[in-house]
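Below is one structure, written out as structure tokens, with a few remarks after it.
The values are calculated or read from the model by the stated rules, or taken from the named source; none is laboratory data. None of these values were measured; they are calculated from a predicted model. All Cβ positions, glycine included, derive from the backbone under ideal geometry; neighbour counts span all protein chains shown.
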Amino acid sequence: MKAVHEKGRGALSARESATTNVARVALETSTWKEDANGARRSIETTLDAYANENGLARDDRSAFFPDPGPAKATKKPAAKPPA
């Protein structure tokens, strides 16, 4: 019976560790995205200022940051069951 309890504790510990790692990676990803967006916005502001100072069109920065279009789905469609 003691061996069963030890296996159960080990499984719960592994699950807790996995859940913690998932949360950590999600937070790191979110932080990275926020930092990247901040850098992008800073560059856009600099390009807007340059365009303004040099008499260029305000949307001149679109050459550097083209519209990516609609977001693409990242999930694969479900596989069809064999007939």
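Assorted remarks:
- Exclusive hit being within 18 Å of the chain's Cα centre (by Cα), at pLDDT 85 or above and among the polar types (S, T, N, Q), set T31, T74: T31
- Residue count for region 31-75, restricted to those that are assigned to a helix (DSSP H, G or I) and among the aliphatic types (A, V, I, L, M): 7
- Hits in region 56-71 (condition: exposed (fewer than 10 other Cβ atoms within 10 Å of the Cβ), at pLDDT below 75 and of a type in the set (A, V, I, L, M, F, W, C)): A71
- Residue match in region 40-55 (condition: exposed (fewer than 10 other Cβ atoms within 10 Å of the Cβ), acidic (D, E) and modelled with pLDDT of 75 or more): yes
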